[in-house]
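Presented below is the structure to which this report refers.
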Amino acid sequence: MKWTRAAVLAVLVAAVSRGAVVAQKKSLTLEGARKAIAAAQAQAMRSQAHGVVAVVDAGGNLMALERLDGTFAAGANISIGKARTALLFQKPSKFFEDVIGKGRTSMVALNDFTPLQGGVPVMVDGEVVGAIGVSGANSAQQDEELAMAGAAAIGNGPAQVTYFEKGQVEGAFQKGGVLFDAGEKYMVHASRREAAGVAEIHEQDADILYVLEGEATLVTGGTAVDAKQTAPGELRGASIRGGESRGIRKGDVVVIPAGVPHWFQKVTNPFLYYVVKAR
């Protein structure tokens, strides 16, 4: 049968009328991969953690990988495996670790499969464009937190729910520090004080405090004495002159807007409190 131009055009028009046969896909750039790694590493350094961060594209191909000093060598291959697992199944790799832990051990026979917590897909406008995997942080939970920080730096997909069990929270309060870091959006601190502190001014962050245990004398407002910049947007001073003093105890909530000096003049040992830093 000889096809005429009219016949060919008719077939093409019919195909188009039934729906598109080619779809446009978003793709992750090398700049985006590097931005994700930088965000994950920044959170690792804030948390005093090690780690290897790997980013793969929508086909599971490695785009970029960096290892923080002090991270064990095998972390590189593990982080790549976590990223590919999250990409190919479009789910956090922890999902499969949990499934296997509940008895479905046959899944370990799958090829190119790393069912360990620490891999998350990267989504842009509802489309998976790649994935990020982290290995070698202080815990499996922290691996995932670093990966989520990296994914959040370039993606806008649905947020991942982060859960901290009781033991993790208690452990965080034993030493005090960042419990969760959402980058430039907000941070949650499990804070611990055993003695009076210095005056603090956060130029960009508001502090929302909830007292969990103990009592303190908190001074707010006034002027920080001998204030010096210790980091971008952060100032510290010896004390506060002319501020308002109030006693706070278990169950109290205090909201300190950005730029307002504040100082824990006296505290019981220990004084435990949650802090949400919001911008």
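Rounded to the nearest 0.05, what FRET efficiency do residue 99 and residue 217 have when you use their Cβ-Cβ distance and R0 = 45 Å?
After rounding to 0.05, the efficiency reads 0.35.
Between residue 124 and residue 204, what FRET efficiency follows from the Cβ-Cβ distance if R0 is 35 Å, with the result rounded to 0.05?
After rounding to 0.05, the efficiency reads 0.85.
Tell me the angle of helix 5-18 to the major Cα principal axis of the chain, expressed in degrees between 0 and 90 and rounded to the nearest ten.
40 degrees
Arrange the following residues from fewest to most other Cβ atoms within 10 Å of their Cβ: 205, 98, 112.
The most exposed by this proxy come first: 112, 98, 205.
Consider the candidate values (i) 1, 6, 10, 13, 13, 11, 10, 9, 8, 6, 4, 2, 2, 1, 1, 1, 1, 0, 0, 0; (ii) 1, 6, 12, 15, 17, 15, 11, 9, 6, 5, 3, 1, 0, 0; (iii) 1, 5, 13, 17, 20, 19, 14, 8, 3, 0, 0; state which one is P(r) over Cα pairs in 5 Å bins from 0, in percent computed from the structure displayed.
From the options (i) 1, 6, 10, 13, 13, 11, 10, 9, 8, 6, 4, 2, 2, 1, 1, 1, 1, 0, 0, 0; (ii) 1, 6, 12, 15, 17, 15, 11, 9, 6, 5, 3, 1, 0, 0; (iii) 1, 5, 13, 17, 20, 19, 14, 8, 3, 0, 0, the structure gives (i).
Working from Cα positions, state the angle (0 to 90°, nearest 10) between the long axis of helix 75-89 and the longest principal axis of the chain.
60 degrees
Measure nothing fancy, just the Cα-based angle from helix 166-175's long axis to the longest principal axis of the chain, in degrees from 0 to 90, nearest 10.
50 degrees
Multiply the residue gap between residue 162 and residue 230 by 0.36 nm, knock off their C-alpha separation, and tell me the result in nm, one decimal place.
Once the chain is fully extended between residue 162 and residue 230, it gains 21.4 nm.
Sequence-distant or interchain residues sharing an amide H contact under 5 Å with residue 176, placed H: which?
Hits under the 5 Å cutoff: none.
Could you tell me the calculated FRET efficiency between residue 110 and residue 31, based on Cβ-Cβ distance and R0 = 25 angstrom, to the nearest 0.05?
0.20
With the cut-off at 25 Å, tell me which of the pairs 35/91; 228/250; 166/250; 228/266; 35/228 have Cα atoms farther apart than that.
228/250; 35/228
Rounded to the nearest 500, what is the 222 nm mean residue ellipticity of the chain from helices alone, with -39500 (n - 2.57) per DSSP H run of 4+ residues and division by all residues?
Theoretical 222 nm ellipticity from helices: -9000 deg cm²/dmol.
Would you please state which residues of the range 216-230 a label at residue 195 would reach in this model, taking the label point 7 Å out along Cα→Cβ and a backbone N cut-off of under 19 Å?
Correct set: 216-219.
Read-outs throughout are calculated quantities, based only on the coordinates presented, and are distinct from any laboratory measurement. The structure displayed is predicted, hence computed values, not measured ones. When we count neighbours, we look across all protein chains shown, and the Cβ atoms used for this are built from the backbone with ideal geometry, even at glycine.
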